[in-house]
Amino acid sequence: MAYDKFNILKSTAVPLPIENVDTDQLIPARFLKATERVGFGDNLFRDWRYNPDNTPKKDFVLNNPVYSGKILVGGKNFGSGSSREHAAWAVYDYGFRCVVSSFFADIFRNNCLNIGVLPVQVSPEFSEKIFAAIFADPNTELEVNLPEQTITLLATGEKETFEISPYKKDNMLNGFDDIDYLQSIKPEIEEFALQLPL
Amino acid sequence: MSKTLFDKVWDTHVVRKIEGGPDVLFIDRHLIHEVTSPVAFLGLKSRGIKVLYPERTFATADHNTPTINQHLPVADPLSANQLKALESNSNEYGISHWGLGHQKNGIVHVVGPEYGITQPGATIVCGDSHTSTHGAFGAIAFGIGTSEVEMVLSTQCIMQPKPKKMRINVNGKLGVGVTPKDVALFIISQLTTSGATGYFVEYAGDVFENMTMEGRMTVCNLSIEMGARGGMIAPDETTIDYVKGREFSPKGEAWDRALAYYKTLKTDADAVFDKELTFDGSSIEPMITYGTNPGMGMGISHDIPDAAHAEGGAATYAKSLGYMGFSEGESMIGKKIDFVFVGSCTNGRIEDFRAFTSIIKGRHKADDVTVWLVPGSHIVEAQIKEEGLLDILTEAGFELRQPGCSACLAMNDDKIPAGKYAVSTSNRNFEGRQGPGSRTMLASPLVAAAAAVTGVVTDPRTLIEELV
């Protein structure tokens, strides 16, 4: 599915300094019953965000009007658990274009890259700095520069570089997905299939 | 050059390597279910493309299906809609569809091996992280997202960077009452839920060599819970005996060719792993989890660790124990439980029900405990009846439900109520995993049985005849 191109994102950020945030928190299984990709943002962090009677939980960060922005900053091992792409859809649909963490679970990272959410892995030290800066001033801005592969705390100018494969980077810069590529090499795939052992 | 088992299977399936990018990996077998496939089919439709090899994809309904009264229409309209979408999409594109009520219907990772869809040396994917189960056969099997489901449907390929390789050796004799589930929970407790992220694991050593295929499936199933994309075990005679003659296994000359391929599937003696770990199997106890991720597990006789010894930050640890209503330094033994769930792609096979029944035989279900026994497939359900296990279960006050994922992820009505405690043979104890506010303790079928008959967390070894 096509998504918006990603180039340079300058935004305030929402802090969630909890480790091992799993995909059942990002989107509980009971909200996976859609047959179309619509409305998942409403249920992002559903059970942390809402009481059983659907009133907002005031102490959860997404319900705190002080924090907003297109960047979500999470704790270590973000996105562990299920392969549900719905978790990444919920993040995107809510309005985040970038998730920052000192460590990502593998499938979640991959799903993000496939749908246009940029996972930015930073050092544990820089992650601490980002959290501290946001808690000190919720209006503090981060700049995520995909062409340069840098993330910068604009208030102080402190920055770090992050990793992304050249292939995935090119996809995100242009809004391409893997299916476009795979379709283009279909004859090669069909020939390959003829010599497989099984 | 020397290769690992993983290298051999991976390299055989690389269509093309992309400079500075992932490999294009050919997928032999693709399993789909009702929850993660509908949007992939919508993608195919919007792009106007076909399924390239419909005979390589198999559909079964499992995640949201009811486990009672399966002959009646599904009451929840959203679930019914997803089931209908799976059926109509499968029919439209010529994919085998084992929907609710079909004799072959069941949990995707239970029926795949049962019908021989799972083969040694194959690449197998499914939009479900526990696809790692099929690694028990020496296959490369892992979970994918919905975008990748669309890729496999349209081109039979996905694009993946080759993971790093880890070997986990467990040697020694397992104690009585220690099951494959305990071995897996022990390994995860040592590695944490992120300890194998970025790696594909090979399990080696006599503990795995001596396991049945079902035990190996339980171990490989839980690979994802330490962050690994998958785990695999080299195929041997046990594997070949299991695979031979199943409905979708190769036959005749194709079997001979397949057998020759299977025999090549082992790690060369001097092959190198990026990481190698070794554990002593004889030191493993029956395990139980006390927190809100599968890495928070311990031997059942131990006390809950204090924050200083816990992985991760103190705040996260306190949040987790607070959710469970537990304290540092407490014993789990004797804690009151409300529910027991036996089932799932982790422990929903016949050996799991045999183990459960071995403890409850001659005993009775504790009065204030609700027990859900959910077979992984109709074959498992039939075996439970044919082997006489159902009679023993009925005698002891238990009922058997119908196949499906059930309370493992509580997408259907099988939800543990808020605040209630469940001993569960499934794979995840995340907050709310088994229903909003539910509190899950992961354990083996033996620990589940001990809890079911006593109503509290109980060391199953106190109920095993040869030990008491």
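The values are calculated or read from the model by the stated rules, or taken from the named source; none is laboratory data. Because the structure is predicted, anything quoted here is derived from the model rather than measured. To get the accessible areas, we keep the full protein, side chains included, count just its heavy atoms, and leave off ligands, DNA and RNA. Shrake-Rupley method; radii C 1.70, N 1.55, O 1.52, S 1.80 Å.
Of note:
- For segment B:220-228, 3J(HN,Hα) computed residue by residue from phi via the Karplus equation (6.51, -1.76, 1.60; θ = phi - 60°) reads 5, 3, 8, 4, 4, 6, 10, x, 5 Hz, glycine and proline entered as x.
- Computed [θ] at 222 nm, deg cm²/dmol, the protein assembly as shown (DSSP H ≥ 4; -39,500 (n - 2.57); rounded to nearest 500): -9000 deg cm²/dmol
- The share of accessible area on chain A that comes from carbon and sulfur is 50 percent, using a 1.4 angstrom probe.
- Computed Rg/Rh of segment B:58-152, alpha carbon atoms with Kirkwood Rh: 0.98
- Considering only A:Arg97, A:Arg84, A:Arg109, the Gaussian network model of chain A with Cα springs below 10 Å gives its largest mean-square fluctuation to A:Arg84.
- As a ratio to 2.2 N^0.38 Å, the alpha-carbon radius of gyration computed for segment B:1-110 takes the value 1.33.
- Residues whose amide H comes within less than 5 Å of that of B:Leu442, counting only those at least five positions distant or on another chain, are B:Thr289, B:Ser424 (H built at 1.01 Å from N in the peptide plane).
- Under 5 Å between amide hydrogens, built in the peptide plane, is the criterion, and for B:Phe279 it picks out B:Asn169, B:Val170, B:Asn171 among residues at least 5 positions away or on other chains.
- With the Kirkwood sum run over all distinct C-alpha pairs, segment B:192-250 has a hydrodynamic radius of 12.4 Å.
- Three-way shape label, segment B:338-400, alpha-carbon gyration tensor, a/c 1.5: oblate
- ³J(HN,Hα), Karplus 6.51/-1.76/1.60, whole Hz, each residue of segment A:38-54, x for Gly, Pro: 9, x, 6, x, 4, 10, 4, 6, 3, 7, 8, 8, 10, 6, x, 8, 6
- In the structure shown, the pairs A:Lys169/B:Lys8; A:Lys76/B:Lys45; B:Lys162/B:Lys263; A:Lys76/B:Lys3; B:Lys84/B:Lys244 are assessed against 26 Å; a Cα-Cα span above that value is assigned to A:Lys169/B:Lys8; A:Lys76/B:Lys45; A:Lys76/B:Lys3; B:Lys84/B:Lys244.
- With Cα atoms defining each centre, segment B:242-266 and segment A:67-135 are spaced 43 Å apart in the structure.
- Solvent-accessible area buried by B and A, counting both chains, probe 1.4 angstrom, square angstrom: 5300
- Pairs of alpha carbons in chain A whose separation is greater than 27 Å (percent): 32
- Normalised by 2.2 N^0.38 Å, with N the number of residues, the alpha-carbon radius of gyration of the protein assembly as shown equals 0.91.
- Set of lysines with alpha-carbon distance to B:Lys365 below 16 Å, sequence-local pairs under 8 removed: B:Lys336
- Table column - 3J(HN,Hα) (Hz), segment B:451-468, Karplus curve with 6.51, -1.76, 1.60, x for Gly and Pro: 5, 5, 8, 10, x, 9, 5, 9, 5, x, 5, 6, 10, 8, 3, 5, 9, 10
- Rounded to the nearest 10 Å², the accessible area of B:Val371 at probe 1.4 Å: 20
- Eligible lysines near B:Lys335 by straight Cα distance, threshold 16 Å, same-chain separation 8 or greater: B:Lys420
- Spherically averaged projected area in nm², based on the convex hull that wraps the Cα atoms of chain B: 22.4
- Amide H contacts under 5 Å for B:Gly198, placed H, 5+ residues apart: A:Asp106, B:Arg229
- For segment B:109-157, dividing the convex hull volume of the Cα atoms by the residue count gives 66 Å³ per residue.
- For segment B:50-112, accessible area per residue (1.4 Å probe, heavy atoms of protein chains only), Å²: 42
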